[in-house]
1. Rounded to two decimal places and with Rh computed the Kirkwood way over Cα pairs, what is Rg over Rh for region 365-446?
2. For region 293-364, which trypsin sites (Lys or Arg not before Pro) are both in a DSSP coil and crowded by at most 15 other Cβ atoms within 10 Å?
3. Report, largest value first, the span of the C-alpha coordinates of region 181-281 along each principal axis, in whole Å.
4. Dipole magnitude of region 119-246 about its Cα centre, charges +1 at Lys/Arg Cβ and -1 at Asp/Glu Cβ only, in debye to the nearest 20?
5. Looking at region 300-400, which GluC sites (Glu not before Pro) are DSSP coil and have at most 14 other C-beta atoms within 10 Å of their C-beta?
6. So, in nm, how far is label Glu72 from label Glu419 when the simple model puts each one 7 Å beyond its Cα toward the Cβ?
7. As an exercise, use a Förster radius of 25 Å and the Cβ-Cβ distance of Ala372 and Glu281 to find the FRET efficiency, rounded to the nearest 0.05.
8. What angle do you read, to the nearest 10 degrees and between 0 and 90, between the alpha-carbon axis of helix 253-263 and the longest principal axis of the chain?
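Throughout, read-outs are computed from the coordinates displayed, never taken from laboratory work. Bear in mind that the values here come from a model prediction, so they are computed numbers and not experimental data. Because the Cβ atoms are built from the backbone with ideal geometry, glycine has one as well, and the counts that use them run over all protein chains shown.
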Amino acid sequence: MRVITYGTFDLFHEGHRRLLARAKELGTHLTVGVTTENFDDARGKLNVHQSLMERIRNVQDSGLADEVIIEEYEGQKIHDLQKYDIDVFAIGSDWLGAFDYLRDYCEVVYLDRTKGISSTELRAEKRAVVRIGVVGSGRIANRFAAEALFVSGIHVEGVYSRNPDNVRRYAERHQLAVQASSYSQLLANVDAVYIATPHETHYDYARQALSQGKHVLCEKPLTLQADQAAMLTKHATDRGLVLMEAIKTAFAPGFQRMIAVARSGSIGDIRSVDATFTKLEYGDLRELRGESGGSISELGSYPLLAIIKLLGTDYLDVSTYSTRDSESGVDVFSRIDLVYPHAIASARVGLGVKAEGDLVVGGTKGYLYVPAPWWKTEYFEARFEDQTQNKRYYYKFDGDGLRYEIAEFVSMITSGSTETFKLRPTESIAIARIIENARSRAISFG
Ligand code: C2G
């Protein structure tokens, strides 16, 4: 029986070794396909550290492969199965269902993924995998675990949430080693945490993690009070730890290029920024309840990110107009206006309201237009009065985009840097300050 399996095999670890060992047991001859840089790029796998040669050597050194081939294009698996006369295709269970289409050619086996990764060696000369724990088990936490599979160098080790049933369900669904019954138990098993809990709980979870020497990736808004964001930043900096606010847009390749194009003067001096983000559906209605609910706290981070990245943090004034839900009293549609010395910006956010979700950056020579959903920036245009000068820009935005922020977080940890230009701590604090101001001083209707 001839068996085949594929993978990137970056920073070769116990999970990879066990996968190969079990694949080999399924037959008498094991072929291992190792992905090329180009193929990983095309399939949206990020943060691969080692070269193709090093990764091939990893597989050879395991002594488990009878033959190593390279995988360089989409659809190659079908060719390989026939070319190498394969009987069994084996792959880890994180891919469950994804390769059922190969059943027309051979047997397809999904092998249980190795849950825990023991090594915590993070020294530059011996890079290892960052073990991360997820705090919270809701929608965004689920998307995080799925997207983390596309980032090399990180392993979701466990989960903690206040409800034990949710912890169990989440850990089973994502095949995690640690189902933590307390937050400290989670912290004891990881190098970093991803905080995806209700906004008002971010500060305490982040603070506790930092004080135990763990890096923190925290959902937006980092905090609802600017002084708390500043305190967390100081804790992280004092300890040499990474504290990153998870505003996914900030890390998307297209968004970064849009900022660079705008700031490089191609549309002249920036005079206006208008950004809108509205959402009709909001899961369990949590967003519409309680102290921390409402469109500003829920969605404000995105348009404010665009404004801050384009115009900076030295605004002169903020004014906010909101309509409120008559039952819950939270803001459901809001406009936050910021005045800068030479520009005016407007952020519009809505829950249960729909408006065109685009971003327009007006300049003295032309403007940039980013169509909805601009926060998943894939495409934008520079437009001028002389239309022959118009230019279109296209970028990749794989999955739902969380992988870009995860990749940035991991690479900061492994490189030992505590600040990224893509979203600086001072910018997160400024966003928290505007959100705090907007929520407390909005002129309200309804
Ligand atoms: N794996 C595992 N346990 C882990 C980590 C990985 O069993 N803790 C398995 C994966 O399920 C996969 C193999 O090890 O079967 C290689 O993993 P990666 O190097 O992450 O490669 P991957 O992105 O899964 O490539 O064509 C490429 C393949 O589709 C899969």
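1. Working: Rg = 18.0 Å, Rh = 16.4 Å.
My calculation of the ratio gives 1.10.
2. On the way: sites: Lys309, Arg324, Arg335, Arg348, Lys354; in loops: Lys354.
Within region 293-364, the qualifying trypsin sites (Lys or Arg not before Pro) (loop, at most 15 other Cβ atoms within 10 Å) are Lys354.
3. Over region 181-281, Cα extents along the principal axes are 52, 36, 26 Å.
4. Details: 15 positive and 13 negative charges, 39 e Å.
For this selection, approximately 180 debye.
5. Working: sites: Glu327, Glu356, Glu378, Glu381, Glu385; in loops: Glu327, Glu356, Glu378, Glu385.
Here the GluC sites (Glu not before Pro) that fit, given the DSSP loop and packing criteria, are Glu327, Glu356, Glu385.
6. 4.3
7. Working: r = 16 Å, r/R0 = 0.62.
Using R0 = 25 Å, I get an efficiency of 0.95.
8. It works out to around 40 degrees.
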